[in-house]
Each structure stands twice: as C-alpha cells, then as structure tokens.
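Below you'll find the structure, written out as structure tokens, and then a few comments.
No lab work stands behind these numbers, since they all come straight from the coordinates. Worth saying up front: this structure is predicted, and the values here are computed from it rather than measured. All Cβ positions, glycine included, derive from the backbone under ideal geometry; neighbour counts span all protein chains shown.
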Amino acid sequence: VGLFGTADEPKIMGPPLELDEGHAIFYSYDVIWKKSEVQWATRWDVYLTEGHRVPPIIHWSAIINSFIVLIILTVMLGAILVRNLRRDIAGYNAVRLTDEERMDETEESGWKLVHGDVFRPPKFAPMMLGVLAGTGAQLLLTAVF
C-alpha cells in the first residue's frame, strides 16, 4: 500500500484543496524499484501467454486471420486496378475516329458534367466556405463521437 492507498482504495487525506490566485500545483511521482526473481529474457512471457489461460493457438489464429484479411484486400484492389487498366487499354487500342465521329461518341455524362463546378471557388469569400465546412465537419464528428 502506497502513501495514497491503492488504485482500488485511495486514501482520502482531507477536504479538497482550495487555491488562491497566483498559486500553482506541482505534480510529481515516485518510483520504487524492487528486485524480481524473473529473468530478463522471460519477462514478457506473462503477457504473451496470459498465464496459460488462453492457449497459444489463439495467437496463431489471430496472425492467420490478419494474413487472410490482407490477402482478400490485396485481391480486391488488384481486381479494381485490372478492370480499370483493361478499359483504358481497350480505349487506346480502339479504331481512330474522325473529330466529328469522336464528338458524337463521347457524350459528357456523370462526373464530366460537374467537374467544372466542383473545382470553381465561390465568388463571395472563397476561404469562408472552406473554413465553415471544416469547422462544421469537426463539430459534427465531435458531437456524434
């Protein structure tokens, strides 16, 4: 038991301290080193084996699970990249068209219709939009979480 009790049962030394203005509290801590019979090489065994309450197979299953998730995510990313590359290569290998045929074939749709509006700064107080959007997002996340 330390000077101030334990974490479960702290000693209450008296009424709360009231400070006058201009005074400060200085925090400090003490460390007491005790000799241990545990050898340096085996000091982590208690945490890694969890006192033999959890069998070691649990650690291996967690490692294998992590590798399986890594492989699945890598395959998904590879599939997305291959699909986009095939589409791009097919576009490069397509038969060359005249300018009139190209204009008829390449109708603007989706993102191409709004790309000019998205990157255009507002006319009135362009920085204010960024400041308000960032502050609003931060306040929303703070309120929700």
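Annotations for the structure displayed:
- In nm, spacing of pseudo-spin labels at residue 132 and residue 89 (7 Å Cα→C-beta vector): 4.9 nm
- Computed from the C-beta positions of residue 75 and residue 141, the FRET efficiency with R₀ = 25 Å rounds to 0.20.
- Between residue 125 and residue 32, residue separation times 0.36 nm minus the direct Cα-Cα distance comes to 27.5 nm.
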